[in-house]
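The values are calculated or read from the model by the stated rules, or taken from the named source; none is laboratory data. Just so it is clear, the structure is predicted and the values come from calculations on it, not from any experiment. Cβ atoms come from the backbone with ideal geometry, glycine included; neighbour counts cover every protein chain shown. Keep in mind that these areas ignore ligands, DNA and RNA; they rest on the heavy atoms of the full protein, side chains included. Shrake-Rupley method; radii C 1.70, N 1.55, O 1.52, S 1.80 Å.
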Amino acid sequence: MGMARPASVPMVDSFGRHIHYLRVSVTDRCDFRCVYCMSEAMSFLPRQELLSLEELDRLCSAFVARGVRRLRLTGGEPLVRRDAMTLIASLSRHLATGALEELTLTTNGSRLAKFASALADSGVRRVNVSLDTRNPDTFRAITRWGGFETVLAGIKAARAAGLTVKINTVALKGINDGEIEELIRWAHGEGMDLTLIEVMPLGEIGGDRLDQYLPLSLVRARLAQCFTLTDIAHRTGGPARYVQVAETGGRLGFITPLSHNFCESCNRVRVTCTGTLFMCLGQEDAADLRAPLRASAGDELLHAAIGAAIARKPKGHDFVIDRRRSESAVGRHMSVTGG
């Protein structure tokens, strides 16, 4: 009975935005070291700081009780977490009850071949696969450690298991900007949507992000010279804005946190693998949910902490990349927050 009252209170921030979408990082670890995301010599969190799988389940379930309809598990690479499938299978009960509309995953694809069938069996219907190039040499240069053929095999396995696959591509100046058209034709030819993403200034990566930053406004203008792009109302719950590409018949998304932010309609919050709730990807303000989670067997304290945090959700972020501000806008890495 103790959970009934707080669980019935929906999450609405001070700007009237209903929070329906939760992204949860299940680990900060990854088997790649992408140049825009991590330094090669990363120091990861001590394992004892991470929430257990049982705690992650309880935390996600509390958000579902408060009205979250879409739940995305991320990392790092979520499938490198030992027994991650146990958590996913457990969370699928919320799909069965109808409390949750969608349980999805963002992955680098390295372990999809192993887990695709199990994901489908757990009610996962679509996954986002991060793939920035189809050139094996460029792939190795971007990921440092990644295996290109392994990712392609993972995508194939996911589609064979009945999962819808969307490709996420970070636009990188001087690295993959010359093959974006080819990536679109390939993805759409395989029946997969593709979303382009601007590089985000999170965490120190051992390089200068200004050298990587490619405004998607410029990319779209270039694409419009060889494709017919029509704005459409399609949404997947995230920040992407979509166009239909007449020549390929596929959808192309743009995520533009720098050149044109998407804050006015933000319905998302993120929880790290340590139980820290970030109300905004681009702000440092956060709420500790691990302490109330562990302080009591009931969820009253947890719900109180969630409610107080949602009330502080800001109107928007302050991402910027320029020569006068070459350091990261936010000190934490994307792998900690949840990519």
- Out of segment 119-131, which residues are surrounded by 23 or more Cβ atoms within 10 Å (Cβ to Cβ) and farther than 22 Å from Trp186 by Cβ? Leu119, Val124
- Task: Look at segment 79-90 and say how many of its residues are in contact with a helix residue (DSSP H, G or I) (Cβ under 6 Å, 6 or more places away or on another chain) and within 20 Å of Asn128 (Cβ to Cβ).
- Result: 4
- Item | Given (1) more than 24 Å from Arg69 (Cα to Cα); (2) in a strand (DSSP E or B), index of the condition Thr104 fails | (1)
- Message: Return the pair list, or none, for Cβ contacts closer than 7 Å from residues in segment 38-50 that are open to solvent by 100 Å² or more (accessible area, probe 1.4 Å) to residues that are part of a loop (DSSP other than H, G, I, E, B), at least 6 apart or on different chains.
- Response: Glu40/Arg33; Glu40/Arg144; Glu40/Gly206
- Item | So Arg70, is it open to solvent by 10 Å² or more (accessible area, probe 1.4 Å) and in contact with an Asp or Glu (Cβ under 9 Å, 6 or more places away or on another chain) | yes
- Item | Failed item, numbered, when Ser110 is tested on (1) in contact with an Asp or Glu (Cβ under 6 Å, 6 or more places away or on another chain); (2) under 30 Å from Ala291 (Cβ atoms) | (2)
- Kindly provide the set of residues from segment 132-151 that are crowded, with 17+ Cβ neighbours inside 10 Å, out of contact with any Gly (no Cβ under 7 Å at 6 or more places or on another chain) and under 13 Å from Ser110 (Cα atoms), ordered by number. Thr143, Gly146, Gly147, Phe148
- Task: For segment 73-82, name all the residues that are assigned to a helix (DSSP H, G or I) and either closer than 24 Å to Met11 by Cβ or open to solvent by 10 Å² or more (accessible area, probe 1.4 Å) (or both).
- Result: Pro78, Val80
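Go through segment 270-315 and count every residue that is open to solvent by less than 50 Å² (accessible area, probe 1.4 Å), at negative phi and not hydroxyl-bearing (Ser, Thr, Tyr).
Looking only at segment 270-315, we keep the residues that are open to solvent by less than 50 Å² (accessible area, probe 1.4 Å), and these are 270-283, 286-287, 289, 292-293, 296, 298-299, 302-303, 305-307, 309-310, 313-314.
Checking which are at negative phi leaves us with 270-274, 276-283, 286-287, 289, 292-293, 296, 298-299, 302-303, 305-307, 309-310, 313-314.
Those still in the list that are not hydroxyl-bearing (Ser, Thr, Tyr) too: 270-271, 273, 277-283, 286-287, 289, 292-293, 298-299, 302-303, 305-307, 309-310, 313-314.
The qualifying residues number 26.
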- When you go through (1) in a helix (DSSP H, G or I); (2) touching a Cys at 6+ places or on another chain (Cβ under 9 Å); (3) of a type outside the set (Ser, Thr, Tyr) one by one for Arg58, which number turns out not to apply? (2)
- Can you give me the number of residues within segment 233-255 that are under 22 Å from the mean Cα position of the chain (by Cα), farther than 18 Å from Glu182 by Cβ and of a type outside the set (Phe, Trp, Tyr)? 10
- Item | Hits in segment 88-118 - residues which are open to solvent by less than 10 Å² (accessible area, probe 1.4 Å), over 17 Å from the mean Cα position of the chain (by Cα) and within 20 Å of Glu54 (Cβ to Cβ) | Leu91, Leu100
- Message: Considering only residues that are in contact (Cβ under 8 Å) with a residue 60 or more places away in the chain and under 21 Å from Val199 (Cα atoms), which ones fall in segment 104-127?
- Response: Thr106, Asn108
- With Ser14, Ser43 as the choices, which residue is among the small types (Gly, Ala, Ser), assigned to a loop (DSSP other than H, G, I, E, B), over 29 Å from Asp132 (Cα atoms) and modelled with pLDDT under 95? Ser14
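With respect to Arg29, determine if the residue is under 16 Å from Gly275 (Cα atoms), assigned to a helix (DSSP H, G or I), open to solvent by 40 Å² or more (accessible area, probe 1.4 Å) and touching a residue at least 24 places away in the same chain (Cβ under 8 Å).
no
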